[in-house]
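Structure record follows, encoded as structure tokens.
The values are calculated or read from the model by the stated rules, or taken from the named source; none is laboratory data. In this text, all values refer to a predicted model and were calculated from it rather than measured experimentally. Cβ atoms come from the backbone with ideal geometry, glycine included; neighbour counts cover every protein chain shown.
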Ligand code: SF4
């Protein structure tokens, strides 16, 4: 969303802001809301909007990410504000305290941004590419399944159970992604399957 602000518009907004603060101090709560609304266009001026899903829980609330910096001009985009998506049918613009703190999660210095591996005997993690990480995961899963898939139970009934590897999926996905994940995981015979919504 790009927004041009004229000098007249800026001064009118600033004036409304000062008046709103003063009246709010006298207990005019609605005026404080109007004051906040008058500030909002300045905060989000010249930002780009992107819709997404809150990463925390299975409610999967819709969010809007506001970022500054034009990638097409070679600039680095930085997310400066996150709020609930008023058009999203699940949350209609609201966010719980965890969702309201998403901006801190995005900018957290301890946030994991890429795959890492700690080799046997090592005391530290090393960065690897996504290709390396996915190849390794696929290799380990295949080897374990080949070794441990239970084809039949004690009565000779076909069961095709794979119980020695588990899969932890994300719940902050669309129904379609969740459906595809479920089908892929269950088609391998994997029994241990969960997601963070139960945490
Ligand atoms: S905003 Fe709160 S309720 Fe909504 S998905 Fe995020 S954590 Fe869950």
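Here are the numbers for this structure:
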read-out	value
Only one of 62, 84, 99 that is within 16 Å of the ligand (Cβ to nearest atom), touching a helix residue (DSSP H, G or I) at 6+ places or on another chain (Cβ under 8 Å) and not assigned by TED's automatic domain parsing to the domain that holds residue 135	84
Only one of 165, 181 that is modelled with pLDDT of 95 or more and either away from the ligand (no atom under 16 Å from the Cβ) or loosely packed, with under 12 Cβ neighbours inside 10 Å (or both)	165
Which listed residue, of 103, 65, is in a helix (DSSP H, G or I) and within 13 Å of the chain's Cα centre (by Cα)	103
Residue in the stretch 125-132 that is in a loop (DSSP other than H, G, I, E, B) and within 16 Å of the ligand (Cβ to nearest atom) present	no
Some residue of the stretch 92-109 being farther than 20 Å from residue 57 by Cα and either without any contact (Cβ under 8 Å) to a residue 12 or more places away in the chain or surrounded by 11 or more Cβ atoms within 10 Å (Cβ to Cβ) (or both)	yes
